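Asker: Handing you this structure, nothing more for now.
The values are calculated or read from the model by the stated rules, or taken from the named source; none is laboratory data. Remember, it's a predicted structure, so these values are computed and weren't measured experimentally. Cβ: placed from backbone, ideal geometry, glycine included. Neighbour counts: every protein chain shown. These accessible areas exclude ligands, DNA and RNA; they are computed on the full protein's heavy atoms, side chains included. Shrake-Rupley method; radii C 1.70, N 1.55, O 1.52, S 1.80 Å.
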Amino acid sequence: MIKRFTLILLLAGLGAIFAGLMLDYVPDSELNRTADYYAKNTAADLGAANIVTAIIVTYRGLDTLGEVTVLFLTAAIVGLVLARDRHDQSQPDRELPPTGELLATGTRLLLPLILLFGAYVFSHGHLTPGGGFQGGAILASGMLLMLLSHPLRRFGHRTIAIVESIAGLAFVFIGVLGIALAGGFLDNRILPTGTLGELFSAGAIPVIYSFVGLKVGAEFSSMLLNLSETEEL
Amino acid sequence: MAMIAMATGFVLILIGLFGALSNRNILRMIVAFAVANTGVNLVLVAVGYMDGRTAPILNEAVPVAEATTRIIDPVPQALVLTAIVIGVGVTALMLAYAYKLFKTKGTLDISQYTDLKW
């Protein structure tokens, strides 16, 4: 009873703070200086149509490298924590019910489309609302569908690890190329910036974001795989 | 519009915290944290929203010359993208640890885990 009361009191206090924040909040009528700089200079400097992507991949590219590293660490720790509990699923104790017709056929139909859509999303990150992280998540959802329809088929942890390592190394390598050929680490102008709004524009942004997409897709897939392998069949 | 989104975000944070503090089951706490996480993201995006403006993507509708008067603040959006990805990572880690805890004690009731209690 006391606990419940304290909890409600705490939340009421927090709610009051939030309400105070909200009542005092006045939306900006014009962009602040940072946003204004990005709005004015992104197109001319980097040639990227999507300003959010320009910020993530180039202006704050180092943060994205850190973010990808955090994701990698998460995937690695999930693998480590669950490694001991991985069950050998090659010989299940019981007869597994067959995958339903709908799921099996649906997977065969949808999987290539999902993978294609994922690749589209991460390669068009500089033009459309999308990018490496979203595309990678879509790739991993294809992987999830495959795990659902063929629970016994083993996907190589090795293949996933190779894709992830190569994508990560390529990301850093392109970043270092930026120091050598352009203005600094992760500068996208190592390739021509091209015409605003075309697929082959914005310098190295689509290349970097494609590698980010592959890496994120591989990381999410390895998490899904690790979690699914803890299941006792 | 931004106010509705912001209020929803704050309410989601409160719901998430309530769920995390009042539930004893670890899985429910994880779901509650995910709800609170969504609330934080919603508030952040709402802060960047400006009335009558559009997404920060330059195309025929938003020519470069008019960008500063036509687009909303792109910085919170970039931040939230990062926050969502990290949120996924945190949730995955919590789930892995919850599995491990269940393996060691055979229960997900947090009141059974008294090892660090004093």
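Asker: Compute the accessible area of each residue in the stretch B:85-99 twice, once for its chain alone and once with every protein chain present, using a 1.4 Å probe on heavy atoms, and list those whose area falls by at least 20 Å².
Answerer: Listed by number, the residues meeting the 20 Å² cut-off are B:V85, B:I86, B:V88, B:G89, B:A92, B:L93, B:A96, B:Y97, B:Y99.
Asker: Now for a separate question. With a 1.4 Å probe and every protein chain left in place, tell me how much accessible area A:F173 has, in Å² to the nearest 10.
Answerer: Only protein atoms counted, so the area is about 130 Å².
Asker: What nm value, rounded to one decimal, do you get for the distance between B:T68 and A:L169 when each label is placed 7 Å out toward the C-beta?
Answerer: Once both label points are built, they end up 4.5 nm from each other.
Asker: Right, here's the next one. Residue by residue through the stretch B:27-35, which ³J(HN,Hα) values in whole Hz follow from phi under the Karplus form 6.51 cos²θ - 1.76 cosθ + 1.60 (θ = phi - 60°), with glycine and proline marked x?
Answerer: Computed from phi, the couplings for the stretch B:27-35 are 5, 5, 5, 5, 4, 4, 5, 5, 5 Hz.
Asker: Whole number in Å², please: accessible area per residue of chain A, 1.4 Å probe, ligands, DNA and RNA not counted.
Answerer: Each residue of chain A exposes 54 Å² on average to a 1.4 Å probe.
Asker: Let me have the 222 nm mean residue ellipticity of the protein assembly as shown computed from DSSP H runs of 4+ only, each contributing -39500 (n - 2.57), with the sum over all residues rounded to the nearest 500.
Answerer: It comes out at -23000 deg cm²/dmol, rounded to the nearest 500.
Asker: According to the square roots a ≥ b ≥ c of the eigenvalues of the Cα gyration tensor, what is the shape class of the protein assembly as shown, taking rounded for a/c under 1.5, prolate for a/b larger than b/c otherwise, and oblate for the remainder?
Answerer: Oblate, because a/c is 1.5 or more while a/b does not exceed b/c.
Asker: Taking every residue in A:62-68, how many Cβ atoms of other protein chains lie within 10 Å of its Cβ, on average?
Answerer: That average works out to 2.
Asker: When only C-alpha pairs under 8 Å and at least 6 residues apart count, what is the relative contact order of the stretch A:51-159, in percent?
Answerer: Computed value for the stretch A:51-159: 23 percent relative contact order.
Asker: Report, to the nearest whole %, how much of the accessible area of the stretch B:52-92 belongs to carbon and sulfur atoms, 1.4 Å probe, protein only.
Answerer: Heavy-atom surface of the stretch B:52-92 belonging to carbon and sulfur, 1.4 Å probe: 66 percent.
Asker: Among A:207-219, A:98-110, how do they line up from the highest to the lowest mean number of other beta-carbon atoms within 10 Å?
Answerer: Packing proxy ranking, top to bottom: A:207-219, A:98-110.
Asker: Given labels modelled 7 Å from the Cα in the Cβ direction, how far is it in nm from A:F200 to B:A5?
Answerer: Each label point lies 7 Å from its Cα, and together they span 3.6 nm.
Asker: Which aspartates and glutamates, if any, have their Cα less than 20 Å from the Cα of B:K117, not counting same-chain residues under 8 positions apart?
Answerer: Those aspartates and glutamates meeting the cut-off are B:D109.
Asker: Roughly how big is the protein assembly as shown's charge dipole about its Cα centre, with Cβ charges of +1 (Lys, Arg) and -1 (Asp, Glu), in debye to the nearest 20?
Answerer: 860 debye
Asker: Still on this structure, please answer the following. How high is the relative contact order of chain B, in percent, with contacts defined as C-alpha pairs under 8 Å that are six or more residues apart?
Answerer: This gives 27 percent for chain B.
Asker: Using a 1.4 Å probe over the heavy atoms of the protein chains, calculate the carbon and sulfur portion of the accessible area of the stretch A:2-229 as a whole percent.
Answerer: 69 percent
Asker: What's the average, rounded to a whole number, of partner chain beta-carbon atoms within 10 Å of each residue's beta-carbon in A:74-83?
Answerer: Partner-chain Cβ atoms within 10 Å, mean over residues of A:74-83: 4.
Asker: Just want to confirm a number: the relative contact order over chain A, from Cα pairs under 8 angstrom separated by 6+ residues, in percent.
Answerer: 28 percent
Asker: How about the stretch A:140-173: which trypsin sites (Lys or Arg not before Pro) there are in a DSSP loop, with at most 10 other Cβ atoms within 10 Å of their Cβ?
Answerer: Here the trypsin sites (Lys or Arg not before Pro) that fit, given the DSSP loop and packing criteria, are A:R153, A:R154.
Asker: Give the A-B buried accessible area in Å², both sides summed, 1.4 Å probe, nearest 100.
Answerer: Accessible area lost upon association: around 4000 Å².
Asker: Would you tell me the mean number of C-beta atoms belonging to other protein chains that fall within 10 Å of each C-beta in B:3-10, as a whole number?
Answerer: Counting Cβ atoms of other protein chains within 10 Å of each residue's Cβ and averaging gives 3.
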